[in-house]
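Colleague: Before I ask anything, here is the structure I am working with.
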Amino acid sequence: MISTTHNDQVRIPQSVVRRLPKYLTQAQRLRQAGVEWVSSAELGEALGLTSSTVRQDLSHIDFSGISKRGYMTAGLEASLSATLGADHEICCVVVGAGNLGRALALHEEFARQSFKICGVFDISSSVVGKKVGKLVVQSMDELAGVVCGQDVDIGIVAVPHHAAQQVADRLILAGVRGLLNLTTAHLLVPRKVSVVDARVLASLRELAYAVKISEPRMATGLSVPEAKKST
């Protein structure tokens, strides 16, 4: 579980923290569309939440709405950005230059969301030295120097299961304060280090189960032979 605070050191519940990025994304979209004000009901409808939940969630940030008008979108965006640390650039490194690691390093949305990929690292000599976009894959021996030299806060672990803990240990020793774990391994870290697990396959299994127990697929009106004839 990740403990999150903002400038006045008031702890924000983790359930709220998970929703704050959604509010930020919606506020950004509204501001870019020229919408100056948004109500809690409108935010709730867009995000599948009740207006009461929206008001309670946003009470944790340093920004207040105005009765009968709602929230100024630009101010809401700025406050959410400050709370989530999105108002300044955050340096990250990716360990693992396989397909997943390269895809992350090349993802343009990272930069738009204030995350700068400062380096890509791998243990394999077959990939070290190769280019990934504007970056060059570096040896793990260079990890500590980059983390310290560029004030890297977050390490993204994109290696095979068996190597995950060793990579996490090296990232923590180098000085990172947060890990995004893309592996199936359970990482053991000191209390001062935060970990977020992002497991696509586990999420797909949850979805597969939900599909399995849901209502049967509705008939399309075409039998398989008929469908083949229509192609």
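Colleague: Is it the case that the stretch 112-129 has a residue that's within 29 Å of residue 16 (Cβ to Cβ), in contact with a helix residue (DSSP H, G or I) (Cβ under 9 Å, 6 or more places away or on another chain) and in contact (Cβ under 8 Å) with a residue 40 or more places away in the chain?
Modeller: No: zero hits.
Colleague: Just checking, does the stretch 64-73 include any residue being touching a strand residue (DSSP E or B) at 6+ places or on another chain (Cβ under 6 Å) and of a type in the set (Val, Ile, Thr)?
Modeller: Yes, there is a match, as at least one residue in the stretch 64-73 is touching a strand residue (DSSP E or B) at 6+ places or on another chain (Cβ under 6 Å) and of a type in the set (Val, Ile, Thr).
Colleague: Got a number for residues in the stretch 160-219 being among the small types (Gly, Ala, Ser), in contact with a strand residue (DSSP E or B) (Cβ under 7 Å, 6 or more places away or on another chain) and under 25 Å from residue 85 (Cα atoms)?
Modeller: Total satisfying the criteria: 4.
Colleague: Still on this model: When you scan the stretch 79-186 for helices (runs of 4 or more DSSP H) that lie fully inside it, which ones turn up with 3 or more residues that are surrounded by fewer than 16 Cβ atoms within 10 Å (Cβ to Cβ) and within 18 Å of the chain's Cα centre (by Cα)?
Modeller: Qualifying helices (runs of 4 or more DSSP H): 109-112.
Colleague: Right, next: Scan the stretch 187-200 for residues that are without any contact (Cβ under 8 Å) to a residue 24 or more places away in the chain and either within 16 Å of the chain's Cα centre (by Cα) or surrounded by 15 or more Cβ atoms within 10 Å (Cβ to Cβ) (or both) and jot them down.
Modeller: 189, 193, 197, 198, 199, 200 - these are the residues of the stretch 187-200 that are without any contact (Cβ under 8 Å) to a residue 24 or more places away in the chain and either within 16 Å of the chain's Cα centre (by Cα) or surrounded by 15 or more Cβ atoms within 10 Å (Cβ to Cβ) (or both).
Colleague: Of the numbered conditions (1) assigned by TED's automatic domain parsing to the domain that holds residue 145; (2) touching a strand residue (DSSP E or B) at 6+ places or on another chain (Cβ under 8 Å); (3) not β-branched (Val, Ile, Thr), residue 99 fails exactly one; give the number of that condition.
Modeller: The one condition residue 99 does not meet is (2).
The values are calculated or read from the model by the stated rules, or taken from the named source; none is laboratory data. Only a predicted model underlies this, so the values are computations on that prediction, with no experimental measurement involved. Every residue, glycine among them, receives a Cβ derived from its backbone with ideal geometry; neighbour counts consider all protein chains shown.
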